[in-house]
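The block underneath contains the structure these notes are about, expressed in structure tokens.
The values are calculated or read from the model by the stated rules, or taken from the named source; none is laboratory data. All of these numbers come straight from a predicted model, not from anything done at the bench. Because the Cβ atoms are built from the backbone with ideal geometry, glycine has one as well, and the counts that use them run over all protein chains shown. We work out accessible area using only protein heavy atoms, side chains counted, and drop any ligands, DNA or RNA first. Shrake-Rupley method; radii C 1.70, N 1.55, O 1.52, S 1.80 Å.
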Amino acid sequence: MHSLGYNKIGDDGAVGLGKGLGKNRSLTYLNLSDNNIGDVGAEALVSALEKNTSLEIISLDEDKISAGILARIPARIELRSNESHHAGRAAVEALKANKKVRWGRAKLMVVGKGAAGKTSTIRT
């Protein structure tokens, strides 16, 4: 949980936070209450939620931001949650049926002593 409340963060600061949130993968709760964030800053934060996969709760001053932007925040978080749940369920079903399922990109690093069979394992 991180609280940046009461810091006089305005729209410019929220735009900067939005850029960072788009890359962050560990923050789950962010409190931005009692700041000076308006529609411009809130729009940047909502856009960051399209890239951020970990943030579950974001707290903003509702009286300074239009209802349309505020409504997109929980909708975006719920959509991301549903997408993640669906992908996980599809993977489990594919494993049970011994089928392939399209999955996102991943990197795999295999380390060990030379001539231990790493390349053969990867090829298999």
Considering only helices (runs of 4 or more DSSP H) wholly within the stretch 10-124, the ones with at least 1 residues that are open to solvent by 50 Å² or more (accessible area, probe 1.4 Å) and at pLDDT below 90 are 67-97, 118-123
Residues of the stretch 5-27 being of a type in the set (Lys, Arg) and touching a helix residue (DSSP H, G or I) at 6+ places or on another chain (Cβ under 8 Å), in sequence order, are LYS19
Can you find even one residue in the stretch 37-57 that is in contact with a Phe, Trp or Tyr (Cβ under 7 Å, 6 or more places away or on another chain) and under 15 Å from ILE77 (Cα atoms)? yes
